[in-house]
Amino acid sequence: MASNNPLLQSFETPFGVPPFDKIELGDYKPGIESLIKTTLDEVKVIAESEAEPTFENTIVALERSGHMLDQASGVFFNLNSAETSDEMQALANEISPLLTEFGNEIMQNVQLFERVNTVYESKSELELDKEDQMLLKKTYLGFIRSGANLNENDKKKYRELSNDLAMASLKFGENVLAETNSFELLIENESDLAGLPQGAVDAATLAADEKDHKGMWLFTLQAPSFLPFMEYAENRELREKMYRAYMSKAFKGDDLDNQEIVKNIVALRYEMAQLLGYDTYADYVLEERMAEKPAKVIDFLNDLLDKALPKAKEEVEELKTYIRDLGEDIELERWDWAFYSQKLKNEKYQLDDEMLRPYFQMDKAVEGIFEVAKRLYGLQFKKNDDIPVYHKNVEAYEVEDESGKHIAVFYADFFPRPGKRGGAWMTSYRGQWKTDSDHRPVISIVCNFTPPTESKPSLLTYNEVETLFHEFGHALHGILADGKYSSLSGTSVYWDFVELPSQILENWLMEKECLDLFATHYQSGELIPVDLIEKIKASSNYHEAYQTVRQISFGLMDMAWHSLSGDKIKVADVAIFEQEAMKKTELFNPIPGVCMSTQFSHIFQGGYGAGYYSYKWAEVLDADAFSVFKERGLFDKTTADSFRENILSRGGSEHPMELYKRFRGQEPTVRALLERSGLT
């Protein structure tokens, strides 16, 4: 019965978190259908009100509607990313169109838009604070950008396009996950393990045992398995096999191939942008970004490329020389880069990932990041086993301030599994907003870190710890939200600003004062030696130019797809288009049979379409902002309070540049990034 559906009831759980243990797969569709109807009834009351439209009875009332629907759909789609199944994916294909149609029905409601427009047109006469002004502007633009001004035929077309896009993006992601899970490299000869660290071998043994391959070793395309193999496996033939498998995901011409889906998504996005009056999809997206225009993004990426490419070419030539000096008669290929790069790094700095792993026990790293949050912002994280979780490996924490006041609930989900998509991300199960009381958020970070083995706890690479700090920075943006409106709080900011809180926190990891908080040897308890910290710093720019060019190549490829217009939208060959878009960044010969676009979930499944440049854009901000902490002290309270007050707590309540200038006192410059990256 619907009355027993937990999604239709108040969550009687600690802090009102989702009752994961009570929600069944069969609850989602009827629950969401019921909540769609309830929300449409709420919106109908607003739209058909006979009262004169005001900011409160129209804009705020609309903002306050549908929270239970947001909550239910949030639970479903978060789990579809973190703990999915074939049945859940099939259900997503039924639920997604319902929500798309629901959104369109609201945004194309003529009566409702007339009321919104009336309030917007009278904005100069209203006494609104900056947060109210931003809500009014965002609400109005939301209607315009969803087709509210279109004629009836075009509104119908917009609905069809938005539904088709939602379904195509879902299918894209399902194919990538299926391809990631389907590949297995099963090794029978121990000699093929040469060069691999013991931790990687132990993990491969455990993976093989779980699949009933006793006495063998199993490697997969999951990051904790794939990356060590590419860095350390001496068997070049197997490295090539792994690389080709990884880079050919959804590019094999079979049922899981994404080539036509990529073309379809690009065409649908262009058609939608055209319908709404924009030249390209990139123009449509960037209207609500700090960068504002495609030309500004492309100029930004090309300027960085001009500075990084010469240095990157030097790095490639240096590695080729190193290989020759080793007496190896091979041509450097992409499947060689990580292997020889790691060897050269070890020779140059006497440092590699395996030297650092013993000092980066995951549990200790988590304690360390909590201590950083405590010293910066006075937060305390208390593990609470009474809070329901959606998988046995997920841990739940209640977050309090210095006075013991409840601030948030925090979920941590760290290890890979078949039902979890690749990568790492932060998300929320409930946002933050204020009515008569302060509704506090429920935040989660989801990662794919090196799991424990039978003989060792989870020991992370430096890059994995960096990812932990990155995602925790996003989490702090959500945890410390302090706004009136859910749609403007936390990470609800311009997409090229959202990476500032995440990327700035990575900087702490380079500092002894931070590492001393948690980096102790998992067996001896010895603090990480000073000479290792110095090696981390000395090697911090190792192959930085190469990595910068790689990121720029993805940004340029993203912009190429989403700047297409006219007849050019009809791309014949996805791989050829991709190669042409990234041509000026290429440092290797093209490899037949591989493709990035068909697995580029950031831009074709996530929210980074025409926005992948944001990572480099935010690096300018984070390098500039961190220079203040470096100058005043890593845990300087005044600086931390200012960053919290002006950046973390404010969400999208004002234009991000205004918030940034309030913290920094000026607009950011690229100088700090170039200096940090060794590109000056």
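The values are calculated or read from the model by the stated rules, or taken from the named source; none is laboratory data. Everything numeric here is computed off the predicted structure, so don't read it as measured data. As a convention, Cβ positions derive from the backbone with ideal geometry for all residues, glycine included, and neighbour counts pool all protein chains shown. To get the accessible areas, we keep the full protein, side chains included, count just its heavy atoms, and leave off ligands, DNA and RNA. Shrake-Rupley method; radii C 1.70, N 1.55, O 1.52, S 1.80 Å.
Residues in segment 568-582 that are closer than 30 Å to Glu314 by Cβ and in contact with a helix residue (DSSP H, G or I) (Cβ under 9 Å, 6 or more places away or on another chain): 6 in all. Going by what's in this entry, would Arg357 be described as basic (Lys, Arg), under 24 Å from Asn541 (Cβ atoms) and surrounded by 18 or more Cβ atoms within 10 Å (Cβ to Cβ)? Yes: the conditions hold for Arg357.
Candidates in segment 185-205 are the residues that are open to solvent by less than 50 Å² (accessible area, probe 1.4 Å) and farther than 16 Å from Phe339 by Cβ; of these, the one that is modelled with the lowest pLDDT is Gly199. Looking at Lys345, Lys307, Lys311, Lys320, just one residue is within 15 Å of Gly195 (Cβ to Cβ) and either basic (Lys, Arg) or out of contact with any helix residue (DSSP H, G or I) (no Cβ under 9 Å at 6 or more places or on another chain) (or both), and that residue is Lys345. For segment 565-584, check the following and say yes or no: at least one residue is of a type outside the set (A, V, I, L, M), open to solvent by less than 40 Å² (accessible area, probe 1.4 Å) and in contact (Cβ under 8 Å) with a residue 24 or more places away in the chain. No, every residue in segment 565-584 fails to be of a type outside the set (A, V, I, L, M), open to solvent by less than 40 Å² (accessible area, probe 1.4 Å) and in contact (Cβ under 8 Å) with a residue 24 or more places away in the chain.
One residue is enough: does segment 631-651 have a residue meeting the conditions of a type in the set (Val, Ile, Thr), modelled with pLDDT of 95 or more and under 17 Å from the mean Cα position of the chain (by Cα)? There is no residue in segment 631-651 that is of a type in the set (Val, Ile, Thr), modelled with pLDDT of 95 or more and under 17 Å from the mean Cα position of the chain (by Cα). Considering segment 236-254, the residues that are charged (D, E, K, R) and closer than 13 Å to Thr598 by Cα include one that is least open to solvent (accessible area, probe 1.4 Å), namely Lys249.
Scanning segment 378-428 for residues that are in contact (Cβ under 8 Å) with a residue 60 or more places away in the chain, under 30 Å from Gly173 (Cβ atoms) and among the acidic types (Asp, Glu) turns up just one, Asp413.
Arg632 meets all of the listed conditions (1) closer than 25 Å to Asp353 by Cβ; (2) free of Cβ contacts under 8 Å to residues at least 12 places away in the same chain; (3) touching a Ser or Thr at 6+ places or on another chain (Cβ under 7 Å) but one, namely (1).
The set of residues in segment 651-680 being open to solvent by 80 Å² or more (accessible area, probe 1.4 Å) and either among the aromatic types (Phe, Trp, Tyr) or not in a helix (DSSP H, G or I) (or both) consists of Gln666, Glu667, Thr680. The set of residues in segment 238-261 being farther than 15 Å from Ile591 by Cβ and either of a type in the set (Lys, Arg) or part of a helix (DSSP H, G or I) (or both) consists of Leu238, Gln259, Glu260, Ile261. When restricted to residues that are under 16 Å from Ser444 (Cα atoms), under 23 Å from the mean Cα position of the chain (by Cα) and either among the small types (Gly, Ala, Ser) or in a loop (DSSP other than H, G, I, E, B) (or both), segment 352-391 contains 4. Can you tell me which residue in segment 585-613 is farthest from Asp257 (Cα to Cα), limited to those that are open to solvent by 40 Å² or more (accessible area, probe 1.4 Å) and in contact with a helix residue (DSSP H, G or I) (Cβ under 7 Å, 6 or more places away or on another chain)? Among them, the one singled out is Pro590. Only residues that are free of Cβ contacts under 8 Å to residues at least 40 places away in the same chain and surrounded by 12 or more Cβ atoms within 10 Å (Cβ to Cβ) were counted across segment 311-323, and they come to 6. Residues in segment 199-247 that are of a type in the set (S, T, N, Q) and touching a helix residue (DSSP H, G or I) at 6+ places or on another chain (Cβ under 9 Å): Thr220, Gln222, Ser225, Asn235. Inside segment 113-138, residues that are farther than 19 Å from Ser49 by Cβ and either open to solvent by 100 Å² or more (accessible area, probe 1.4 Å) or part of a helix (DSSP H, G or I) (or both) make up a count of 11. Which of the residues spanning segment 45-81 are touching a Phe, Trp or Tyr at 6+ places or on another chain (Cβ under 7 Å) and either free of Cβ contacts under 8 Å to residues at least 40 places away in the same chain or not polar (S, T, N, Q) (or both)? Those that are touching a Phe, Trp or Tyr at 6+ places or on another chain (Cβ under 7 Å) and either free of Cβ contacts under 8 Å to residues at least 40 places away in the same chain or not polar (S, T, N, Q) (or both): Glu63, Gly74, Val75, Phe76, Leu79. Of all residues in segment 635-648, those satisfying the criterion of being open to solvent by 10 Å² or more (accessible area, probe 1.4 Å) and in contact (Cβ under 8 Å) with a residue 60 or more places away in the chain are Phe635, Arg644. Inside segment 283-308, residues that are under 21 Å from Arg550 (Cα atoms) and either buried (at least 18 other Cβ atoms within 10 Å of the Cβ) or of a type outside the set (Gly, Ala, Ser) (or both) make up a count of 15.
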